[in-house]
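The values are calculated or read from the model by the stated rules, or taken from the named source; none is laboratory data. Here the structure is a predicted model, which means the values were calculated and not measured. Here the Cβ positions follow ideal geometry from the backbone for every residue, glycine too, while neighbour counts run over all protein chains shown.
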Amino acid sequence: MTSSAGATDPREFQIFAKPGGAICNLDCDYCYYLEKERLYPGVRSFRMSDQLLERYISQHIAASGGAVIRFSWHGGEPTSLGVDYFRKIVSLQ
């Protein structure tokens, strides 16, 4: 966003969220996150909890303050978390 004076709105920002955490079913050459699952031995699920998901979305909306609010969900094939999980995300947004 740019104001009439040409200054950028300081509230404009973008965050990439990885609701699946360290897991990823892709093998992109450029990825900085490959093999991060090894940092958490014994953890079976990295999925963002419903409570954290709701809190993240509401706080992101409140902090954005603009007419357009962007959400970027990152990390692997989105359907690896299940279509219903992303339906919930869309309904919360």
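Quick notes on this one:
- Filter pass, Ile57 being modelled with pLDDT of 80 or more and surrounded by 10 or more Cβ atoms within 10 Å (Cβ to Cβ): yes
- Filter result (at pLDDT 80 or above and within 19 Å of Ile89 (Cβ to Cβ)) within segment 19-43: Pro19
- Candidate set: segment 25-53, residues that are assigned to a helix (DSSP H, G or I) and touching a Lys or Arg at 6+ places or on another chain (Cβ under 9 Å); chosen: the one surrounded by the fewest Cβ atoms within 10 Å (Cβ to Cβ): Asp50
- Across segment 61-77, the number of residues qualifying as surrounded by 10 or more Cβ atoms within 10 Å (Cβ to Cβ) and farther than 14 Å from Lys18 by Cβ comes to 7.
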